[in-house]
Amino acid sequence: MNNTIKKAALTVSLTAFMSMGFAQKIAHISLDSLVSTMPETKTAKDVAQSYLKSLDSEMLAMQTELETKYKDYMDKQATMSEPVRQNKEADLQQL
């Protein structure tokens, strides 16, 4: 009987030891801190900033063009014929 108890205790202890080796390991990570430490983040920010600057300059050019054409239209509106005036108004609305 003493031998049986020793075998049972050995089996239980070996089972417990083996199960610790195969236990799942769970970890938590902060995605924000991980992304901010990546070197690709700086590259992506630089690309986005340059794209934003190009869009801003394009918008400014389009706005300047619209204002120039509108001012020209307002200055010459009284002397324009009806079809030319309607054509200029359609162009301004399209812009």
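Of the residues LEU92, LEU34, the single one that is of a type in the set (A, V, I, L, M) and exposed (fewer than 11 other Cβ atoms within 10 Å of the Cβ) is LEU34. Checked against the criterion of being out of contact with any Cys (no Cβ under 7 Å at 6 or more places or on another chain), at pLDDT 85 or above, aliphatic (A, V, I, L, M) and surrounded by 10 or more Cβ atoms within 10 Å (Cβ to Cβ), the candidates MET80, MET59 yield just one match: MET59.
The values are calculated or read from the model by the stated rules, or taken from the named source; none is laboratory data. These figures come from a predicted structure and were not determined experimentally. Here the Cβ is made from the backbone with ideal geometry for all residues, glycine too, and neighbour counts use every protein chain on show.
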